[in-house]
Amino acid sequence: MLDAALLTASVVVAYCLRFDGWVWGEGQRTIALWFVAIAIPLKLLSFWGIGLYRRLWRYASIAEVERIVVAGLLAAGVALLVGAAVLPLTGLTAARVPFSVLLMDGFFSTAAIALPRLLLRMLSQRPARQRRRDDASVLIAGAGAAGGIIAKQLWENPQLGLNPVGFVDDDTAKHGHRLYNLPVLGSLDDIPELVARLGVGELIIAMPTAPGRVVRKVVRSASQIGIKTSTVPGLHDILSGRKKVTSLRQVEIQDLLRREPIETDLELVRTHAAQETVLVTGAGGSIGSELCRQLARLEPKSIVLLGHGENSIFDILQELEARFPAVAMVPVIADIRDRDRMRAAFERYRPFAVFHAAAHKHVPLMEANVAEAVSNNVLGTRNVVELAAEFGTHHLVLISTDKAVRPTNVMGATKRVAELIVQEVAELQHRNFVAVRFGNVLGSRGSVVPTFLRQIQAGGPVTVTHPEMRRYFMTIPEAVQLVLQAGALGRGGEVFVLDMGEPVKIVDLATDLIRLSGLDVGADIEVRFTGARPGEKLYEELFFSSESAVPTGHPKILRARNGMLPAGIAGLVDELVELSTRGATADELRQVLLRLVLDYNPSGSAMPIRNKSGRASGAGAAPQESGA
């Protein structure tokens, strides 16, 4: 009814403007009456047809504005058809409607349908704005797409009790401009001054692609002035669909270590899995379970979830079956050291690709349990690799560790032997079997972050082995993405090394976690240095001296062609495995490891290992975590 009245008024206004008043000339009033009688109902019917009356205009957005524009053009077309053709051709009027009237009517009709609807949208927001006056003031770091979405959500949801007052952004081109009618007030360096001047009570970091150093800068600035910080998820979580941009949460340690998003060639990776059977060992572990999640997105025929712990396999099985119902999930409870059980699994499922993530990884525990490290990391790997070759597996990827390079501990030495086993089978049988080395994974079982958090919750102290201990870190999804990519790049026998960004001092990691917990270092929580443990180095290394590293097509991955295999490797591996199964002493096992891994230095200290340039090289583990 309102549209009918306003559309009629638009015709009257157009005529008044055309004839400069209410005197329209001979016969024009009759023409106008017939025009209104025919054109207005047709306009309303066309509006109904395009869904203009099926919209909730109080929530209007760009899509609704586009619909208004379409309706306006449709109304102008109807007016032109009726006024210039239908009326004179049917003899209802002696002349057509003046073209100037039709042109003005088109503009006025668009305004007539737009104004009341947009007014409704504006009025629906006014109560929210009034309710916001006593809400907490919020400053948004990041005047981009994510910042705009957050501002819009806060503006439209007063029940959150948060009132956005503006943005800060290091892009000077944005300064002085407005986003969602909020000003871009300055750079990240201006946060302390803006907080004091505007009475800001909370800072939201809306920079999903910002590197960790930028996030650390913002968090430390907010911590110094004592305001709360929250953030949007990282880009990986947003793109994978696990999180929405508006899923605000507290800043976590992975945000402080965030790097540029990894670009994965999905088509290349898809060749590992699409419509094929894939087997993942250690599928219930941190890396194994994430491998299963990311492999499931590549639409494999089935995923064989092989693991020794029934509870962890049960958990990942339930999750994957709910999220990926189209992919067959096959749980297999087996110990990789049991060759007969593993043979039965390979014979039944004949996997196209194998990802070998099952391993013992903790340095101090393996130093005290050498035989266990050998049987799991060496015997288990040999079983998996040899059976994969026997049953025609096309791709195999071993998850290795930077501790395999010049190892000073049993865990690293056994993982190096595992790499050699993969290399030997790949070269002798011409198989596309490769290894991937990386260091610490944030959030994996037994990793440093959960350990530090438990110590903080208990009131401290937070224990760090050495003030100069440095490690490289990756998130679990990030590490797995690169594992999949490296596996797709492999040709057989190579070791791929992942770029893990800048090294982080463990003591800095500890102090950041204390601050993120809302506590002060020293005053609330003590950081205590306990001394490097047996087998630990201050820095880890990426390559052996006999290896040559070359770039790949991926900027985050290097390819290392292994050096020459030790003479008689098969016999030495047999000897090592036999000794581990018949109760040999730890020293006897270490002696065989020394013959297999020439760079193994079981008496190595925790002093930094330097490369030829004199710089400390590394990609190591945290003091509470060891290996992949």
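Within region 198-235, how many residues turn out to be touching a Pro at 6+ places or on another chain (Cβ under 9 Å) and surrounded by fewer than 18 Cβ atoms within 10 Å (Cβ to Cβ)?
Counting residues in region 198-235 that are touching a Pro at 6+ places or on another chain (Cβ under 9 Å) and surrounded by fewer than 18 Cβ atoms within 10 Å (Cβ to Cβ) gives 3.
Would region 403-420 turn up any residue that is touching a Leu at 6+ places or on another chain (Cβ under 7 Å) and either aromatic (F, W, Y) or not in a helix (DSSP H, G or I) (or both)?
Yes; the residues of region 403-420 include at least one that is touching a Leu at 6+ places or on another chain (Cβ under 7 Å) and either aromatic (F, W, Y) or not in a helix (DSSP H, G or I) (or both).
Return the total of residues in region 166-197 being open to solvent by 40 Å² or more (accessible area, probe 1.4 Å), β-branched (V, I, T) and within 12 Å of A141 (Cα to Cα).
0
Answer yes or no: is there a residue in region 560-574 that is modelled with pLDDT of 85 or more, among the charged types (D, E, K, R) and over 25 Å from V483 (Cα atoms).
Yes, because at least one residue in region 560-574 is modelled with pLDDT of 85 or more, among the charged types (D, E, K, R) and over 25 Å from V483 (Cα atoms).
Going by the conditions given, is A357 surrounded by 24 or more Cβ atoms within 10 Å (Cβ to Cβ), of a type outside the set (S, T, Y) and farther than 13 Å from A435 by Cα?
Answer is no for this residue.
Across region 338-362, what is the total count of residues that are small (G, A, S), outside any helix (DSSP H, G or I) and at pLDDT 95 or above?
Final tally of qualifying residues: 0.
Here are some residues: T277, T281. Which one is touching a Ser or Thr at 6+ places or on another chain (Cβ under 6 Å) and among the polar types (S, T, N, Q)?
T277
Output the residue which, of all residues in region 93-110 that are of a type in the set (A, V, I, L, M), at pLDDT 80 or above and open to solvent by 30 Å² or more (accessible area, probe 1.4 Å), is farthest from V11 (Cα to Cα).
Here the answer is A95.
Could you grab me the full set of residues in region 294-318 that are surrounded by fewer than 24 Cβ atoms within 10 Å (Cβ to Cβ), closer than 23 Å to E478 by Cβ and touching a Pro at 6+ places or on another chain (Cβ under 8 Å)?
Answer for region 294-318, where residues must be surrounded by fewer than 24 Cβ atoms within 10 Å (Cβ to Cβ), closer than 23 Å to E478 by Cβ and touching a Pro at 6+ places or on another chain (Cβ under 8 Å): just Q294.
Kindly establish whether D335 is farther than 24 Å from V269 by Cα and over 29 Å from the mean Cα position of the chain (by Cα).
Yes.
Given the conditions (1) assigned to a helix (DSSP H, G or I); (2) open to solvent by less than 10 Å² (accessible area, probe 1.4 Å); (3) under 19 Å from N440 (Cβ atoms), report the number of the one that L365 does not fulfil.
Of everything listed in (1) assigned to a helix (DSSP H, G or I); (2) open to solvent by less than 10 Å² (accessible area, probe 1.4 Å); (3) under 19 Å from N440 (Cβ atoms), L365 misses just condition (2).
Which of the residues that make up region 386-412 are more than 29 Å from the chain's Cα centre (by Cα), buried (at least 24 other Cβ atoms within 10 Å of the Cβ) and within 14 Å of T277 (Cβ to Cβ)?
A388
Note down all Cβ pairs under 9 Å where the first residue falls in region 138-161 and is at pLDDT 80 or above and in a loop (DSSP other than H, G, I, E, B), the second is charged (D, E, K, R) and surrounded by fewer than 23 Cβ atoms within 10 Å (Cβ to Cβ), and they're at least six residues apart or on different chains.
Partner pairs satisfying both residue conditions: A143/D171; A143/K174; G144/D171; G144/K174.
Could you list, in sequence order, the residues of region 319-337 that are open to solvent by 20 Å² or more (accessible area, probe 1.4 Å) and in a helix (DSSP H, G or I)?
E319, E321, A322, R323, listed by residue number.
Using beta carbons and a limit of 9 Å, which pairs, at least six apart or on different chains, have the first residue in region 455-478 and on the phi > 0 side of the Ramachandran plot and the second one among the acidic types (D, E)?
Here the result reads G459/D524; G460/D524; G460/E526, each pair linking region 455-478 to a residue that is among the acidic types (D, E).
Determine which single condition A296 fails, assuming it passes every other condition in (1) aliphatic (A, V, I, L, M); (2) at pLDDT 95 or above; (3) under 20 Å from L398 (Cα atoms).
Unmet condition: (2).
Please determine, by comparing only the residues of region 66-91 that are farther than 18 Å from F47 by Cα and crowded, with 16+ Cβ neighbours inside 10 Å, which one is modelled with the highest pLDDT.
V86
Does L6 satisfy the condition of being exposed (fewer than 12 other Cβ atoms within 10 Å of the Cβ), at pLDDT 80 or above and not hydroxyl-bearing (S, T, Y)?
no
Let's see how each residue does on (1) modelled with pLDDT under 80; (2) of a type outside the set (A, V, I, L, M); (3) open to solvent by 50 Å² or more (accessible area, probe 1.4 Å):
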position	(1), (2), (3)
M1	no, no, yes
W22	no, yes, yes
L33	no, no, yes
A39	no, no, no
L52	yes, no, no
L56	yes, no, yes
E64	yes, yes, no
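The values are calculated or read from the model by the stated rules, or taken from the named source; none is laboratory data. Just so it is clear, the model here is predicted, and its values are computed rather than measured. Cβ: placed from backbone, ideal geometry, glycine included. Neighbour counts: every protein chain shown. Calculation scope for accessible area: heavy atoms of the full protein, side chains included, ligands and nucleic acids excluded. Shrake-Rupley method; radii C 1.70, N 1.55, O 1.52, S 1.80 Å.
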